[in-house]
Amino acid sequence: MPTKKEKDKEKELSIWEKYTDAERQDLQKLTDNYRHFLDVGKTERECIKEIIRQAEADGYKDLKEVIKNKEKLRPGSKVYCSWMKKSIAMFHIGTESLENGLSILGAHIDSPRLDVKQVPLYEDGKLAFMDTHYYGGVKKYQWTALPLAIHGIVAKKDGEIIDVNIGEAEDDPVFCITDLLIHLSQEQSQKKLAEAIPGEDLDILVGSYPLKDTEKDAVKANVVEILKNKYKFEEDDLLSAELEIVPAGKARELGFDRSMILAYGQDDRVCAYTSLVAMLEMKNPKKTACCLLVDKEEIGSVGATGMQSKFFENALFEIIHLLGGYNELTLSRCLANSKMLSSDVTAAFDPKYASAFDKKNVAYFGKGMSFNKYTGHHGKAGSNDANAEYVSEIRRMMEKHNVGIQFSELGRVDLGGGGTIAYILALYGMQVIDSGVGVINMHAPWEITSKIDVYETKKGYAAFLKEA
């Protein structure tokens with residue numbers, strides 16, 4: 001049995017130093033796959049498409065098809081319910097009654113970005129632009145002078161859906177939001193940071209070449225022709241389009257030591273991906289396991305695809321029915337007896353801005369999975385504050401499976417704060433705590449995570465599904 005001195009020395013070692021060669025290889029494989037997930041899933045729709053591909057490869061069936069074919073569910077059955085191609089609930093049926101509750105991993109797959117407006121195209125100064133409306137909390141100045149891509153769909157009046165992905169391939173054009181040159185920016189530089197770039201000025205530059213023999217707005221007219229001839233939709237079709245402006249480029253390894261990941265959309269796709277992997281690794285569960293990946297968290301979890309909608313509850317209605325018959329009491333007991341990890345990122349310590357953090361209660365890169373007992377802001381407003389007994393249970397689970405964990409808050413008490421989907425699920429009376437990966441540059445076009453924290457978080461989610 002190790003002595004106290006040996007235990008203290010073990011605690012001083014970094015997680016990197018504790019890994020075996022096999023664990024290092026597993027870490028690299030996981031983070032390589034994670035970077036691919038980020039590259040193919042820069043929007044909610046793209047994420048759902050990739051999640052369904054992986055789920056079906058693992059044997060999951062579409063709940064709609066199960067219902068259509070009048071199949072029954074039994075222990076071991078794996079089904080998913082996708083809603084409007086932007087949210088998904090995956091269920092791996094366990095041997096215990098649903099009245100004993102679910103083990104839920106819940107994350108969101110939307111990220112801060114710019115959305116193209118419904119009437120976006122205009123010309124000014126012989127240049128063509130597309131007007132945008134930012135989505136979620138962004139520092140507007142961070143989005144200027146960057147190569148940008150357009151992802152999304154155009155829904156034509158005849159019902160045809162056109163997928164749009166422009167700016168990622170080597171031979172694709174990219175787009176940009178212009179910024180004022182330093183030589184003329186004396187007045188701009190005197191403004192507050194939040195006011196230097198107004199939201200209405202976040203318009204992307206899309207063209208400068210005029211259409212021949214066109215008298216008015218010839219540059220815009222040429223862009224319209226390109227949309228029609230190359231991308232097969234008319235300007236009016238933009239009225240029924242969902243086009244998202246995101247940074248162009250792939251997720252990359254960061255640092256000489258390649259120990260970190262630099263990528264767009266890691267809030268919260270890092271937790272969504274690790275939750276998905278843990279769910280797919282799940283074997284023979286006792287409690288039914290659920291992976292819940294939703295839209296609209298960055299704007300309050302509202303709308304038909306946000307966590308405040310009834311889509312999750314409706315999916316559970318169907319699951320209970322297919323297991324032998326729906327009744328409200330079973331549903332109520334199922335939700336109240338469930339346990340959940342609200343899988344969302346937290347702020348990681350950045351020594352360049354040390355005054356923004358409480359150093360005793362902050363996530364550090366390389367220390368593993370982060371737990372936030374509470375979030376909220378200014379006196380815990382809007383927070384789910386996890387019960388101490390549940391925190392104790394979580395600690396035992398993680399220790400049993402040798403998961404590196406830390407406890408944190410999102411910034412200094414009177415300065416910061418934030419919210420997740422935790423409080424919404426807690427409305428059912430279930431035990432919920434926030435957990436996930438620490439992020440530097442959160443909500444910036446390019447965010448940073450530690451590979452260690454990504455790997456340990458996946459281990460933590462897998463441990464939770466086994467033990468909860």
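Of note:
- Qualifying lysines (Cα of each under 16 Å from Cα of residue 283; at least 8 residues distant if same chain): 78, 458, 459, 466
- Annotation for segment 112-188: GluC sites (Glu not before Pro) lying in DSSP loop with at most 12 further Cβ atoms inside 10 Å of their Cβ are 160, 170.
- Rg ratio for segment 255-410: its Cα radius of gyration over 2.2 N^0.38 Å, N being its residue count, equals 1.21.
- For segment 7-97, alpha-carbon Rg relative to the globular expectation (2.2 N^0.38 Å, N residues): 1.54
- The Cα-based radius of gyration and maximum Cα-Cα distance (Dmax) for segment 304-356 are 18.6, 58 Å.
- Rounded to whole Å, sorted largest first: equivalent-ellipsoid semi-axes of segment 74-173, Cα gyration tensor: 40, 18, 13
- Average accessible surface for segment 390-468: 36 Å² per residue, computed with a 1.4 Å probe over protein heavy atoms with every protein chain in place.
- Taken over the C-alpha atoms, segment 156-235 has Rg and Dmax values of 17.3, 51 angstrom.
- Accessible area (Å², 1.4 Å probe, nearest 10) - residue 156: 50
- Centroid-to-centroid separation of segment 252-318 and segment 159-200 [C-alpha atoms, Å]: 29
- If you sort 23, 328, 50 by accessible surface, 1.4 Å probe, largest first, the order is 328, 23, 50.
- D (Stokes-Einstein, µm²/s), Kirkwood Cα radius, segment 210-258, 1.002 mPa s at 20 °C: 153
- Dipole magnitude for segment 1-150: about 240 debye, using +1 per Lys or Arg Cβ and -1 per Asp or Glu Cβ, origin at the Cα centre.
- Rounded to the nearest 20 debye, the dipole magnitude of the chain is 1820 debye, with +1 charges on Lys and Arg beta carbons, -1 on Asp and Glu beta carbons, and the Cα centre as origin.
- Gyration tensor (Cα) of the chain, equivalent ellipsoid semi-axes in angstrom: 40, 29, 20
- Dipole magnitude of segment 194-331, debye to nearest 20 (Cβ charges: Lys/Arg +1, Asp/Glu -1, about Cα centre): 880
- If the segment from residue 157 to residue 18 were pulled out straight at 0.36 nm per residue, it would be longer than the present Cα-Cα gap by 44.2 nm.
- Dipole of segment 184-271 computed with +1 at Lys/Arg Cβ and -1 at Asp/Glu Cβ about the Cα centre; of 266, 238, 222, farthest Cα towards the positive end is 266.
- Semi-axes of the equivalent ellipsoid for segment 324-468, computed as √(5λ) from the eigenvalues of its C-alpha gyration tensor and ordered from largest down, come to 28, 18, 13 Å.
- Efficiency of FRET from Cβ geometry, residue 33 and residue 317, R₀ 30 Å, rounded to 0.05: 0.35
- Convex hull projection area averaged over all views, segment 246-294, Cα basis, nm²: 5.1
- For the chain, with +1 on Lys and Arg beta carbons and -1 on Asp and Glu, the positive-most of 129, 443, 247 along the dipole: 443
- In the chain, taking the dipole from charged Cβ atoms about the Cα centre, the farthest positive-side position among 376, 166, 452 is held by 452.
- Calculated SAXS-style log₁₀ I(q)/I(0) at q = 0.25, 0.30 Å⁻¹ - segment 118-160, Debye, Cα scatterers: -1.18, -1.22
- Where segment 96-158 is the region considered: accessible area per residue in Å², 1.4 Å probe: 38
- By the Stokes-Einstein formula, at 1.002 mPa s and 20 °C, segment 1-154 with its Kirkwood radius over alpha-carbon pairs has D equal to 103 µm²/s.
- Centre separation in Å (Cα based) which lies between segment 364-442 and segment 122-152: 34
The values are calculated or read from the model by the stated rules, or taken from the named source; none is laboratory data. None of the values given here were measured: they were computed from a predicted structure. Virtual Cβ from ideal backbone geometry, glycine too; neighbours counted across all protein chains shown. Ligands, DNA and RNA are stripped out before the accessible areas are found, and what is left, the full protein with its side chains, is counted by its heavy atoms. Shrake-Rupley method; radii C 1.70, N 1.55, O 1.52, S 1.80 Å.
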